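The values are calculated or read from the model by the stated rules, or taken from the named source; none is laboratory data. What you see is a predicted model; the values in this text were computed from it and never measured. Here Cβ is always computed from backbone atoms with ideal geometry, including for glycine, and neighbour counts include all displayed protein chains.
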Amino acid sequence: MDTTDLIPEPPIDLRTGGNAPTAPSHDRPAIFEVDGLDVFYGDFHAVQDVTLDIARNEITAFIGPSGCGKSTVLRCFNRMNDLIPTARVEGSVRYHGLDLYGPDVDPVQVRRHVGMVFQRPNPFPKSIYDNVAFGPKIAKYDGDMDALVEASLTKAALWDEVKDKLRDSAYTLSGGQQQRLCIARAIATSPDVLLMDEPASALDPIATLRIEELMYELKEEYSIIIVTHNMQQASRVSDRTAFFNIEVTDGGQRTGRLVEFSETATLFTRPQHPQTEDYITGRFG
Amino acid sequence: MALHDDHHHPHELRHHFDDELDEIRRGLVTLGSLVVANLSRAGSAILENRLDLVGEVRHGDEPIDALYAQLERETFQILALQQPVAKDLRLLVAATRILYEMERSGDLAVNIVNCLDREHGFPRRADLDVLLGRLVAASARVFSMGVEAIASLDENAGPATDSADDEVDELTGRLFTEIHRVSEEIGLDAAIELTRVGRFLERIADHGVNIAENITYVVTGSFPDGHEPPAP
């Protein structure tokens, strides 16, 4: 698969950071640089003025109450908002320094590099094998497909559980296994980013911990952004946490705002903003 | 003052949890007050050779140990069950440290009367008694400042208490010099026991400073400069 059209060589420069209050300085290069992002759905101003950098090979968590815009921002990273006809994105999202919303960028190509895992496991009604091979086939992958399927399932910590029943339907798997299959499917197309929207909220605690453990291993190779309502999950797995909140404008409109973005250990022990303190300590009503 | 009453929200949640945190804080103040009361008895004992108070001070340490154990249990239970973060977490972590400081201070009050008991009363010298009286008062004051900080959640408590402790250190130094000066008159055994008393009073004040600095940590998220607790 040809990836050189989107990932520039040499790799992006180190950013010094600190130019915006919501962008902590990174000791790792940024994979995404978001600057002044606004998202509209028709007249609805869903997210306002978000500026932040996402560091490479880290897990970044987005937390905040329902309607705060965290999923909306997540969907900007692989242009999923393009699929909503009324959606409009302003400001800039740069991926490896390239404008993700530039005129020459193909959203399908973007999604090949920026994979996504959804809240409910959504395997295709196909065999386990075909679920993983689906993306590479569409991308006209001409290497050893068996090896790619095995490698992807191994990275998703599922291989040992399914290697003897690859031709069985994906629906024979448990919820937690299905979600790991979806992760295998996402990484089969060799992305370098994984977006996860509430990836464990439909799973039991053990399956949840397995996904979290997997995320920890995956960040060696991928940059991960996770949206979660589970604050303990954010504090357990992520390196950095962004807290979004709902702001009611003068006109009575509700809009999402980035309130605080810090290292996770700092955000959960010494949050800087009172809104963050109230939310993470559960005093927000 | 409730821990979170600096923010007002129309729809506050976790009232039950807030009550649990306030109960821990009230318990710490009660425990600190028991220590202050026992320290006061120990002070009277050594200043007036009240050997009858020795048993009372030893007995007075029992409710301190019991309340210490109870509050530690409750603190660990909240840590385990409520998954506190931010200021809540800082309060509970500080509570475990403060509990230790208080329990040690209680033991030191007993150590003080043990010194008196071994000597069956101290020889009295006017210059020595003046310094000893001032040290007892200053040490109790600094420790009490720590206890008051738990109630007031004053973010400046740490630095303020640390400054107040300077007087304790100075008086301790002067007491040691005076003991040395009169050591031949009062005898070596009494000189050693009085020196230990001075040392115990100085330590109690240090525990008060540590308590107040933990309160500064609860409120601000960091210890006063250069006063971070030692790594475990």
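Values as computed for the structure displayed
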| quantity | calculated |
| --- | --- |
| Condition met for A:S262 (over 15 Å from B:K87 (Cα atoms), facing chain B (nearest Cβ under 10 Å) and not aromatic (F, W, Y)) | no |
| Per-region count, segment A:141-189, residues of a type in the set (D, E) and in contact with a strand residue (DSSP E or B) (Cβ under 8 Å, 6 or more places away or on another chain) | 1 |
| Residue within segment A:206-219 that is of a type in the set (S, T, Y), more than 14 Å from chain B (Cβ to nearest Cβ) and free of Cβ contacts under 8 Å to residues at least 60 places away in the same chain present | yes |
| Tally, over segment B:117-131, of residues that are among the hydrophobic types (A, V, I, L, M, F, W, C) and either touching a strand residue (DSSP E or B) at 6+ places or on another chain (Cβ under 7 Å) or surrounded by 16 or more Cβ atoms within 10 Å (Cβ to Cβ) (or both) | 3 |
| Members of segment B:57-108 found to be more than 14 Å from chain A (Cβ to nearest Cβ) and over 21 Å from B:A42 (Cβ atoms), listed by number | B:A69, B:Q70, B:L71, B:E72, B:R73, B:E74, B:T75, B:F76, B:Q77, B:A95, B:T96, B:R97 |
| Residue list for segment A:222-255, restricted to those being in a loop (DSSP other than H, G, I, E, B) and over 30 Å from A:K155 (Cα atoms) | A:T249, A:D250, A:G251, A:G252, A:Q253 |
| Helices (runs of 4 or more DSSP H) enclosed by segment B:132-232 - at least 3 residues per element that are surrounded by 16 or more Cβ atoms within 10 Å (Cβ to Cβ) and at pLDDT 95 or above | B:157-181, B:188-220 |
| Residue within segment B:145-160 that is within 14 Å of chain A (Cβ to nearest Cβ), in contact with a helix residue (DSSP H, G or I) (Cβ under 9 Å, 6 or more places away or on another chain) and free of Cβ contacts under 8 Å to residues at least 12 places away in the same chain present | no |
| All positions within segment B:180-232 that are under 21 Å from B:S105 (Cβ atoms), in contact (Cβ under 8 Å) with a residue 24 or more places away in the chain and of a type in the set (S, T, N, Q) | B:N210, B:N214, B:T216 |
| Meets criteria (buried (at least 19 other Cβ atoms within 10 Å of the Cβ), of a type in the set (K, R) and within 14 Å of chain B (Cβ to nearest Cβ)) for A:R283 | yes |
| Some residue of segment A:161-172 being in contact (Cβ under 8 Å) with a residue 24 or more places away in the chain, in a helix (DSSP H, G or I) and either among the acidic types (D, E) or touching a Pro at 6+ places or on another chain (Cβ under 9 Å) (or both) | yes |
| A:N245, sole failed condition from (1) more than 14 Å from chain B (Cβ to nearest Cβ); (2) touching a residue at least 60 places away in the same chain (Cβ under 8 Å); (3) buried (at least 18 other Cβ atoms within 10 Å of the Cβ) | (1) |
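So that you can scan it fast, the table gives a plain yes or no per residue for (1) in contact (Cβ under 8 Å) with a residue 24 or more places away in the chain; (2) among the β-branched types (V, I, T):
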position: A:F77; (1), (2): yes, no
position: A:D82; (1), (2): yes, no
position: A:T86; (1), (2): yes, yes
position: A:V89; (1), (2): yes, yes
position: A:R94; (1), (2): yes, no
position: A:D99; (1), (2): no, no
position: A:D104; (1), (2): no, no
position: A:Q119; (1), (2): yes, no
position: A:F124; (1), (2): yes, no
